[in-house]
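Accompanying notes for the structure given below.
Each value in this text was obtained by applying a stated rule to the coordinates, not by laboratory testing. Since we're looking at a predicted model, the values are computed, not measured. Glycine gets a Cβ as well: all are built from the backbone with ideal geometry, and neighbour counts include every protein chain shown.
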Number of protein chains: 2
Amino acid sequence: MAMEQDKEFVREITPREVDYSQWYVDVVLKAGLADYAPVKGCIVIRPYGYALWEAVQRELDARFKETGHVNAYFPMLIPESFFRKEAEHVEGFSPQVAWVTHGGDEQLGERLAVRPTSETIICTMYSKWIQSWRDLPVLINQWCSVVRWEKATRPFLRTTEFLWQEGHTAHRTEEEAEREARRILEIYRSFMEEVLAIPVIVGQKSESEKFAGALRTYCVEALMSDGRALQAGTSHNLGQHFSKVFDITFLDTDGQLKYVWQTSWGVSHRIIGALVMVHGDDRGLVLPPRIAPHQVVIVPIAPVKRREEVLEHARVLCRMLSEHCRVKLDDREEYTPGWKFNEWEMRGVPLRVEIGPRDIDAGQVVLARRDRLERITVSRDQLVESVLDVLESIQRSMYQKALRFLEDNTHRVDDFNEFCRILAERRGFLRTGWCGDGECERAVKEATGATIRCIPFVRHQDPGPCIYCGAPGRYEVYFARAY
Amino acid sequence: MAMEQDKEFVREITPREVDYSQWYVDVVLKAGLADYAPVKGCIVIRPYGYALWEAVQRELDARFKETGHVNAYFPMLIPESFFRKEAEHVEGFSPQVAWVTHGGDEQLGERLAVRPTSETIICTMYSKWIQSWRDLPVLINQWCSVVRWEKATRPFLRTTEFLWQEGHTAHRTEEEAEREARRILEIYRSFMEEVLAIPVIVGQKSESEKFAGALRTYCVEALMSDGRALQAGTSHNLGQHFSKVFDITFLDTDGQLKYVWQTSWGVSHRIIGALVMVHGDDRGLVLPPRIAPHQVVIVPIAPVKRREEVLEHARVLCRMLSEHCRVKLDDREEYTPGWKFNEWEMRGVPLRVEIGPRDIDAGQVVLARRDRLERITVSRDQLVESVLDVLESIQRSMYQKALRFLEDNTHRVDDFNEFCRILAERRGFLRTGWCGDGECERAVKEATGATIRCIPFVRHQDPGPCIYCGAPGRYEVYFARAY
């Protein structure tokens with residue numbers, strides 16, 4: 001029975017080499033992050049997945065508040081007429097809108113959009129709230145879900161409904177709005193790298209990839225372990241596009257009536273998908289300690305004879321650790337230690353503490369690292385220090401490993417044939433020159449499926465010739481196939 | 001200018017005696033809790049109101065987690081066919097459902113309900129997840145918004161979309177489900193009384209007032225300062241109604257396949273309305289310290305000559321207090337101290353600390369209590385202790401005041417004419433006997449607008465005769481007109 005239980009997990013996850021997409025779905029489902037919902041394109045976020053989202057919220061929300069932002073809540077239903085006010089915006093979003101047409105048995109006079117994003121309703125309120133320079137800046141964020149009708153969906157990465165945060169700010173000057181958009185981008189970067197241990201490329205979107213209605217869109221782009229890119233967060237300088245359409249004006253100190261400058265920015269639950277794909281392995285999830293719901297799991301190895309004694313020791317360890325980290329004691333009787341090892345490995349808990357009769361006798365415990373699948377024995381007297389050290393080491397080493405992967409899979413290319421060959425063979429980021437013409441961008445996309453992920457802030461070298469037309473490059477860009 | 005500013009606030013709020021409804025709306029709008037949205041029946045929850053909701057979430061969420069609950073997220077769109085499975089449930093909710101009929105330009109094959117509550121989608125998932133007694137209990141909560149099409153709406157109290165939490169649990173035995181429903185009710189009671197300082201009557205709903213599809217509904221009922229009742233939270237023992245319809249079975253330890261026993265329970269953002277109406281006065285909001293976003297506001301009184309000195313002292317006080325409570329320093333230059341006094345009074349900050357040149361010279365500060373509008377002078381050396389003592393005292397005294405009001409406005413009545421007279425004159429809770437017949441309940445409601453708020457757990461005396469038919473009472477009940 002025990003052996004059978006032990007093998008179950010390994011059987012359940014398709015190896016990455018065999019079928020990466022299936023591996024991803026297997027991990028999401030088996031680790032209990034999410035399940036398919038019986039509603040087209042929707043998922044249920046299960047408790048373990050939601051605990052990850054709560055950790056994301058806790059970390060990001062603290063950073064937003066430290067920089068002066070406050071939360072609010074705007075209605076999820078937006079009248080069609082609001083939605084139609086900004087031309088680019090409506091064109092970008094209308095194919096994806098879910099429409100409410102009836103309330104109870106009554107047909108509505110005007111259809112209501114289930115929000116795909118909230119610029120239009122928020123701008124309508126800002127136009128009422130903002131009168132004077134004294135009312136600025138307005139720095140509001142909202143945690144909510146949005147709905148976008150999608151044809152092809154994948155858990156977390158692209159779902160009809162998804163959880164996100166959307167910040168919407170209004171400023172007195174263009175410089176201040178630009179500073180805000182860049183400040184938020186830096187929050188996203190540091191959060192991705194320092195908390196999720198996911199290195200990112202930071203830069204600006206091309207015209208064709210920017211947000212519908214924005215002046216400029218900035219983004220952080222990550223690389224998944226199959227070599228495809230994933231946009232992890234975006235920050236938009238909206239300029240005065242929306243303030244002019246929604247008439248958001250203020251009386252400035254100089255007595256002039258002016259339009260505000262705006263930004264909007266968001267991160268969605270797709271970063272949970274990024275966590276899976278950047279760090280996961282064939283045994284399942286591998287979570288960085290700073291975001292892990294349980295950083296440590298204690299598994300007692302208790303033969304019948306010394307059962308109560310081992311459990312008591314495990315409880316003491318749990319109490320000791322609980323003051324310093326997020327620890328869980330798995331004292332379930334109906335599962336074997338081997339089954340528990342496999343389960344918590346699959347769920348990506350960074351560190352397992354094992355304690356059995358021999359460990360008690362020797363005054364030691366065994367620590368098993370999830371990232372390297374290594375076990376070390378440490379003295380019980382040093383438990384807290386050892387655990388905290390190892391957690392720090394795991395966090396660092398996961399980031400280093402992901403960074404090495406990103407670097408190893410970023411290729412400078414000047415020749416379009418080479419570009420196509422790399423994409424066909426091993427994917428990754430392709431750094432190239434680009435003349436800035438949308439036609440070249442489109443041609444590359446049609447030929448290869450790769451898009452410009454961003455124009456990086458940090459340029460490695462002169463752009464070189466445009467990868468498609470060969471004319472002198474205006475920008476150095478990162479191309480990739482993306483989720 | 002200063003004097004004009006100072007008067008502005010008082011002018012803006014309609015006194016309760018003049019028009020209670022208008023007073024309520026004035027406080028909600030002027031204190032910045034919410035604003036009307038340009039969507040029928042919807043409000044925008046502004047940052048100050050949302051900070052209150054975040055405090056509610058923080059307090060309740062901690063209590064749910066302490067008792068073993070975890071959070072998850074289920075889709076907001078529910079196929080019509082799911083919704084129609086439980087007969088009582090669909091009858092109760094259908095008139096209020098907002099229907100999505102189109103995704104982009106496509107008409108959907110089946111309409112989707114924007115969730116008015118999530119039993120049907122959650123039960124569908126539970127039926128898949130629950131197989132064995134090992135999978136029980138399932139103790140899941142969800143923080144989200146729901147939509148119910150309402151004819152008459154009022155900010156926070158009744159809105160088309162509202163924020164809430166909904167818990168959904170599944171258990172092995174009937175006793176365990178009953179224990180869960182009662183345990184949650186106790187969490188609601190203690191939260192209302194200890195955190196919001198709102199005393200409540202705890203009991204069971206009559207058949208006609210229970211949740212559509214429940215076996216029994218328990219509730220906590222509060223009394224607003226105009227003598228109308230408000231249902232602040234409900235906890236339902238669902239029995240096996242939903243598990244039989246949605247086929248949620250488990251293999252028990254005895255090898256038998258059985259249906260699970262379920263509960264569901266919720267508290268919505270209407271308790272922010274209760275906070276306004278229980279504690280507010282003609283100057284605006286009065287917040288209990290435990291829930292107040294800012295417990296203390298420091299207002300420096302700085303004449304031009306000693307401006308920098310006073311500000312520096314204020315900053316030191318702020319740093320001292322910030323380790324012990326939620327404190328805000330209002331150092332805005334564009335407003336007078338008088339204007340700030342009025343604004344923070346309107347926003348209900350429990351305690352104001354004033355510091356000016358004379359206070360500095362005398363080594364003292366002035367504390368102004370919002371609840372009693374009293375000012376006391378304390379030694380600066382004792383600041384932290386004094387502030388914490390006064391905050392404790394405010395919390396206690398606000399609860400005592402609300403309890404006295406509840407008691408003074410609860411009347412034992414045996415005669416129906418007396419019943420009608422009290423309701424016409426001063427409202428409040430009416431304790432009466434009830435024979436248990438729904439016809440009597442309906443007749444009282446039609447004649448007076450009062451409904452049975454609950455059958456209390458704590459019975460004061462023998463029920464006495466039924467208030468309507470005069471037959472021997474089976475229950476002692478609380479009647480009231482309610483929000």
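Ratio of Rg to Rh for region B:338-483, alpha carbon only, Kirkwood?
Rounded to two decimals, Rg/Rh equals 1.27.
State whether region B:18-279 is rounded, prolate or oblate according to the following rule on the C-alpha gyration tensor (a ≥ b ≥ c being the square roots of its eigenvalues): a/c under 1.5 gives rounded; otherwise a/b larger than b/c gives prolate, and the remaining case gives oblate. Oblate. Structure note, pairs B:K30/B:K151; A:K340/B:K244; B:K205/B:K445; B:K85/B:K244; A:K258/B:K30: Cα-Cα distances above 21 angstrom occur for B:K30/B:K151; A:K340/B:K244; A:K258/B:K30.
The value given for chain B is a Kirkwood hydrodynamic radius of 24.7 Å, derived from the mean inverse Cα-Cα separation. Relative to the first principal axis of the alpha-carbon coordinates of chain A, what is the inclination of helix A:416-425, with its axis defined by its Cα atoms, in degrees from 0 to 90 and to the nearest 10? With rounding to tens, the tilt is 30 degrees.
Counting, for every residue in A:27-37, the Cβ atoms of other protein chains within 10 Å of its Cβ and taking the mean gives 2. Count Lys and Arg as plus one, Asp and Glu as minus one, and take only other residues whose Cβ is under 9 Å from that of B:A368; the net charge is then +1. Taking Cα centre as origin and charging only the Cβ of basic (Lys, Arg, +1) and acidic (Asp, Glu, -1) residues, the dipole magnitude of chain B rounds to 200 debye. Is any residue of region B:193-234 close enough, with backbone N under 19 Å, to a label point placed 7 angstrom from the Cα of B:R426 along the Cα-Cβ axis, and if so, which? Inside the label zone: B:223-230.
Taken residue by residue and averaged, Cβ atoms of other chains lying within 10 Å of the Cβ of A:102-111 number 5. Ordering A:I455, A:C144, A:G356 by the projection of their Cα atoms onto the charge dipole of chain A, which places +1 on the Cβ of Lys and Arg and -1 on the Cβ of Asp and Glu, puts A:G356 at the extreme positive end. Under a crude label model (7 Å from the Cα following the beta-carbon direction), how far is A:A152 from A:S190 in nanometres? Those two pseudo-labels are separated by 3.8 nm.
Taking 20 Å as the straight-line reach from the Cα of B:K401, the aspartates and glutamates in range (excluding those fewer than 8 positions away in the same chain) are B:E17, B:E193, B:E194, B:E221, B:D226, B:D281, B:D282, B:E345, B:D371, B:E374, B:D389, B:E392. Label point of A:V384 (7 Å along Cα→beta-carbon): distances to the other copies' equivalent points are 2.3 nm, sorted ascending.
Net charge within 15 Å of A:G449 by Cβ-Cβ distance, Lys/Arg positive one each and Asp/Glu negative one each, not counting A:G449 itself? After counting each charged neighbour, the total is +3. Over all Cα atoms in the protein assembly as shown, the spread is summed up by Rg and Dmax: 30.3, 97 Å. Per-residue Cβ neighbour counts within 10 Å put B:D330, A:D462 in the sequence A:D462, B:D330, beginning with the fewest. Diffusion coefficient of region B:410-480 by Stokes-Einstein, Kirkwood radius over Cα pairs, 25 °C, 0.890 mPa s: 211 µm²/s. Think of region B:18-279 as having a plus end and a minus end, set by charges on the Cβ of Lys, Arg, Asp and Glu; of B:A34, B:G239, B:H89, B:A34 sits farthest toward the positive end of this dipole. Neighbouring Cβ atoms from other chains, within 10 Å of the Cβ of residues in A:74-82, number 6 on average.
Highest-first packing order for the peptide set A:214-227, A:67-80, B:377-390 is A:214-227, A:67-80, B:377-390, based on the mean count of other beta carbon atoms within 10 Å. With its label point put 7 Å out from Cα toward Cβ, B:R319 sits 3.9 nm from the same residue's point in the other copies, in order from shortest.
Determine the sum of side-chain charges near B:D462: Lys and Arg each +1, Asp and Glu each -1, restricted to other residues whose C-beta is under 14 angstrom from that of B:D462.
Values: positive: B:R412, B:R431, B:R459, B:R474; negative: B:D414, B:E476.
Every neighbour counted, the sum reads +2.
For region A:371-422, the equivalent ellipsoid derived from the Cα gyration tensor has semi-axes of 42, 10, 5 Å, listed largest first.
Over chain B, dividing the summed -39,500 (n - 2.57) contributions of all DSSP H runs of at least 4 residues by the number of residues returns a 222 nm mean residue ellipticity of -11000 deg cm²/dmol.
Built from the Cα atoms of region A:296-390, the convex hull projects on average onto 5.5 nm², one quarter of its surface area. Take B:F457, push a point 7 Å out from Cα through the beta-carbon direction, and compare it with the same point in every other copy: 5.6 nm, smallest first.
In what sequence, highest mean first, do A:463-470, B:13-20 appear when ranked by Cβ atoms within 10 angstrom?
My ranking of the peptides, most packed first, is A:463-470, B:13-20.
Take the Cβ atoms of A:Q240 and B:R442, set R0 to 51 Å, and the FRET efficiency comes out at 0.30. The Cα trace of region A:339-406 gives Rg and Dmax of 13.3, 46 Å, the first to one decimal, the second as a whole number.
Determine, from the Cβ-Cβ distance of A:W133 and A:S397 and an R0 of 45 Å, the FRET efficiency 1/(1 + (r/R0)^6), rounded to the nearest 0.05. Could you put the intermediate results ahead of the total?
Working: r = 50 Å, r/R0 = 1.10.
Computed FRET efficiency for A:W133 and A:S397 comes out at 0.35.
Between A:E207 and A:K305, full extension at 0.36 nm per residue minus the direct alpha carbon distance yields a gain of 28.3 nm.
Efficiency by 1/(1 + (r/R0)^6): what FRET value for B:V458 and B:E323, r their Cβ-Cβ distance, R0 = 41 Å, to the nearest 0.05? That gives a FRET efficiency of 0.50.
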